[in-house]
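This report concerns only the one structure given below.
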Amino acid sequence: MIERLEGDPVTGVRRATVAGVDAEGRPTGRRRAFDVDAVCLGYGFLPSNDLARSLGCAHDFDAALGSLVTRTDATGRTSIPTVWSIGDSAGVRGAKFAQAQGALAAAAVASELLERHVLPDAAARRAARRNLAFQRGVQGMFAAPVLTDQLAEPETVVCRCESVTHAEVSEAMSDRTSSPGSVKRITRAGMGKCQGRYCGPVLTAMQERRTGSPIGERSGFAPQAPVKPVPSSMSPPRRRTPRSASGRACRATAADGPARAPCVVPARAHATMPTRAAVQKRSGANGRRSTPGSSSCASRRAPGPSAGRR
Ligand SMILES: Cc1cc2nc3c(=O)[nH]c(=O)nc-3n(C[C@H](O)[C@H](O)[C@H](O)COP(=O)(O)OP(=O)(O)OC[C@H]3O[C@@H](n4cnc5c(N)ncnc54)[C@H](O)[C@@H]3O)c2cc1C
């Protein structure tokens with residue numbers, strides 16, 4: 001860890017002193033000082049699994065990562081049988097493993113859709129095995145204690161986006177009934193651009209220490225849209241009612257072009273869109289496909305993790 005930085009707020013950093021850390025994150029062992037002109041900090045890897053969480057897929061807490069990971073089988077199939085999750089979402093295991101897992105998942109999805117066993121590419125299976133073993137070795141070599149707020153002072157900024165300090169979070173958490181969700185509403189921690197990516201694990205760890213309950217699917221901030229902040233320029237253009245010279249609203253015509261024409265579903269789409277009754281007839285009375293082993297997300301969806309925790 002970086003134990004000490006020397007420099008000037010205007011001209012920048014000049015010297016950094018680094019030290020090892022013990023299991024509690026306290027600096028230990030020999031210190032080494034370096035002359036530097038920049039300092040980059042690594043906060044570890046955090047899986048981005050908000051979409052899988054929003055769908056209600058089961059997740060487990062990975063203590064080594066300090067984060068939830070999506071629970072999957074070897075092909076990437078989640079606890080919802082029609083949802084697959086591959087790559088970092090189900091645990092950070094590197095680019096090559098993610099790529100190989102994509103091929104395994106593709107074969108599993110094809111087997112499901114074609115209702116016959118599609119064998120995954122043998123090279124992909126070998127690559128998945130080899131790269132998983134490699135990643136486990138690498139992660140073992142570089143294993144480090146997961147640091148959240150062990151070294152924080154009251155004025156340490158916990159939420160960088162909204163400049164919320166450790167003291168402010170602690171105060172908001174002092175209420176017996178508080179949760180990371182309520183702390184978010186009181187302090188704005190987690191409401192900024194990164195949407196709690198960095199402060200979320202800190203609040204969850206603080207909550208775990210305070211309550212003594214182990215971290216699980218319902219401990220932290222609930223996933224909610226938009227999963228990633230999007231610029232407002234991406235929202236659909238606002239439709240204005242055109243006005244005549246006299247100032248009265250007039251009806252849009254096809255000649256007004258798509259931006260001003262009323263938003264209607266084309267007649268052909270109406271004709272091809274199945275009605276609810278038609279879907280139920282095709283799927284059986286319960287609205288599910290009759291093929292064994294397949295279901296829609298909605299029909300098997302567990303109660304979402306966001307219930308009551310926004
Ligand atoms: C700094 C750094 C260094 C790394 N170094 C290595 C290394 O040396 N070797 C190694 O093996 N691995 C390395 N990794 C890890 C590796 O990058 C990941 O394990 C790998 O990329 C995981 O693949 P993925 O498909 O899960 O995710 P990604 O490669 O991140 O792909 C996810 C894609 O989904 C897109 N996306 C996200 N959200 C949405 C959304 N809502 N809608 C549409 N698209 C969306 C993203 O834009 C992205 O293109 C490194 C990672 C980092 C951050």
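The values are calculated or read from the model by the stated rules, or taken from the named source; none is laboratory data. Values in this document were obtained by computation on a predicted structure and should not be read as measured data. Virtual Cβ from ideal backbone geometry, glycine too; neighbours counted across all protein chains shown. Surface areas here come from the heavy atoms of the whole protein model, side chains and all, with no ligands, DNA or RNA. Shrake-Rupley method; radii C 1.70, N 1.55, O 1.52, S 1.80 Å.
Remarks
- Taking (1) part of a loop (DSSP other than H, G, I, E, B); (2) aliphatic (A, V, I, L, M); (3) in contact (Cβ under 8 Å) with a residue 40 or more places away in the chain; (4) under 24 Å from PRO229 (Cβ atoms) in turn, MET191 satisfies each apart from (3).
- Taken over the range 2-25, the criterion of being in contact (Cβ under 8 Å) with a residue 60 or more places away in the chain and surrounded by 14 or more Cβ atoms within 10 Å (Cβ to Cβ) is satisfied by VAL21, GLY25.
- Residues located in the range 42-72, provided they are over 13 Å from the mean Cα position of the chain (by Cα), surrounded by fewer than 17 Cβ atoms within 10 Å (Cβ to Cβ) and within 13 Å of the ligand (Cβ to nearest atom): GLY42, TYR43, GLY44
- Leading residue by the ranking (nearest to GLY44 (Cα to Cα)) among those in the range 171-201 that are of a type in the set (Val, Ile, Thr) and open to solvent by 20 Å² or more (accessible area, probe 1.4 Å): THR187
- Among the residues of the range 96-129, those identified as within 12 Å of the ligand (Cβ to nearest atom) and under 21 Å from ARG53 (Cα atoms) are ALA98, GLN101, GLY102, ALA105.
- Qualifying residue in the range 78-95 (condition: without any contact (Cβ under 8 Å) to a residue 40 or more places away in the chain, open to solvent by less than 50 Å² (accessible area, probe 1.4 Å) and either β-branched (Val, Ile, Thr) or away from the ligand (no atom under 16 Å from the Cβ) (or both)): yes
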